[in-house]
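The values are calculated or read from the model by the stated rules, or taken from the named source; none is laboratory data. This one's a predicted model, so the numbers in the text were calculated from it and none came from an experiment. Cβ coordinates were reconstructed from backbone atoms using ideal geometry, including for glycine residues, and neighbour counts include every protein chain displayed. Just the protein is used for accessible areas: all its heavy atoms, side chains included, with ligands, DNA and RNA removed. Shrake-Rupley method; radii C 1.70, N 1.55, O 1.52, S 1.80 Å.
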Amino acid sequence: MAIETRPRNLLGMTRRELEDFSRAAGEPPYRGRQLYHGLYARRVKDFAALTDLDRKFRQSLAERSIIRYPAIERAFASGDRSVRYLLSLEDGEKVEAVFMPDEARTTLCISSQAGCAVDCKFCFTGLMGLKRNLTAGEMAGQVLTLLEASGLRGRVNVVFMGMGEPLLNYAEVVKAVEILADPEGVAIPARRITVSTAGIVPRIYDLARERVRPRLAVSLNASTDEERTALMPINRKYPLSELTKACREYRLPARERLTFEYVLLAGVNDSDDDARRVAELVEGIRAKINLIPYNSGPDLPYRAPPLERVLAFQQILRERRVPAFIRISRGRDVMGACGQLSLAGNQEAEVRS
Ligand code: SAH
Ligand code: SF4
């Protein structure tokens, strides 16, 4: 009986893995390094274009393997020039990624999981539950797909702030960061890559010890345990005292700050007292706070506070010498903003775009 093997997608393999792969194919390991360079630095998708490899190897590669990026199912262009992409993975699973151009630098927001299990009460991705973890290739692939679609070659930031909780898919996220940050690979410096977490404390300690370390952003979103547990059930497992301890111990490169994200929900976590308590919580941490007025949508009751409230909250933090910035999310008109990625509303968003 013939055994049918599916061609192997090489995207997501590290330099070491490609060296081993070449060795297994009877080729010297440096062929693997050439392949690595072709995949991530030259971003070649067709083995025929890898002319630095000999023809026989190219042919055998083409027979047994493929280079496949996540495919663009739909693109939703926002009035603010950001684009939300609905991407389809090899098994048909869908995720979303967002392209946000700016004069100085373009930011690519990518997903680490299809859906999310963390169940934050205000988040649309949370409503989906977890479908599955993404592989390193599927994460690096989102970056490559968006770069290819935009024709962009310039400077980019990558943020793991799309669907999913990156630190609950730890090994693959670290591997994706390694590939993206490698100067011989996609070559986006690690300081331009940010991983955002709802606060998976043991993995924050692990991340602190990684060789290639992205920037860390922690979603604080509340100022007391009671308030935070109501919004983010994960706080029961990793309460504020443990979370802030891990953040306090997270060593930062000179001049770098740890980012705390704080989604402002009208009447829920936006009082003057909240702001004062937030300043106390981050005491002793070289931190900055990004205040994100809530992005609303169907099925969830939360609203953004009025602008005066947002400004007052910022002012209280600043008076206490905590750098605080108001981040108006982009792509809100196409459900592409923070927390709005949910695969839902794709129909309506398309009509509006
Ligand atoms: N799971 C990770 C990263 C993805 S969520 C995390 O929670 O950090 C990225 C950010 O979007 C988080 O700071 C989250 O608090 C915020 N967010 C979620 N839903 C939102 C919404 N509807 N409006 C504004 N921000 C939201
Ligand atoms: Fe998951 Fe982050 Fe949404 Fe919470 S805010 S449900 S951790 S994606």
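Some observations on this one:
- When the chain is treated as a GNM with alpha-carbon contacts under 10 Å, the residue of 153, 228, 327 showing the greatest mean-square fluctuation is 153.
- By average C-beta atoms within 10 angstrom, highest first, the peptides 44-53, 200-209, 80-89: 80-89, 200-209, 44-53
- Simple spin-label estimate for residue 75 and residue 255 gives 3.5 nm between the two label positions (7 Å along the Cα-to-Cβ direction from each Cα).
- For region 164-313, the normalised intensity computed at q = 0.10 Å⁻¹ comes to -0.38 (log10 of I(q)/I(0), Debye sum over alpha carbons, equal scatterers, no solvent).
- Relative to the globular-protein estimate of 2.2 N^0.38 Å, the Cα radius of gyration of region 71-349 stands at 0.94.
- Reachable lysines from residue 288, criterion Cα separation under 23 angstrom, eight or more residues apart if same chain: 245
- On the basis of the beta-carbon distance and an R0 of 45 Å, residue 326 and residue 56 show a calculated FRET efficiency of 0.15.
- When peptides 297-303, 262-268 are sorted by average Cβ neighbour count within 10 Å, with the highest value leading, the order is 262-268, 297-303.
- Nearest-0.05 FRET efficiency for residue 276 and residue 90, computed from C-beta distance (R0 45 Å): 0.35
- For residue 204, the shell of other residues with beta-carbons less than 10 Å away shows a net charge of -1, using +1 for Lys and Arg and -1 for Asp and Glu.
- As a calculated quantity, the FRET efficiency between residue 132 and residue 16 at R0 = 22 Å, using C-beta atoms, amounts to about 0.30.
- Spacing of the modelled spin labels on residue 241 and residue 23, each 7 Å from Cα toward Cβ, amounts to 4.9 nm.
- Kirkwood Rh in Å, taken over all unlike Cα pairs in region 88-133: 12.0 Å
- Relative packing of peptides 10-16, 212-218 - highest average C-beta neighbours within 10 Å first: 212-218, 10-16
- Gain upon complete extension [residue 312, residue 206; 0.36 nm per residue less C-alpha separation]: 34.5 nm
- Taking one quarter of the surface of the C-alpha convex hull of region 14-66 gives a mean projected area of 3.1 nm².
- Local net charge near residue 186, Cβ-Cβ under 13 Å (Lys/Arg +1, Asp/Glu -1): +3
- Accessible carbon and sulfur surface of the chain relative to its total accessible area, %, 1.4 Å: 49 percent
- Taken as Cα centroids, region 229-294 and region 129-163 sit 26 Å apart, rounded to the nearest whole angstrom.
- Most fluctuating residue given options 253, 239, 189, as computed from a GNM of the chain linking Cα atoms under 10 Å: 253
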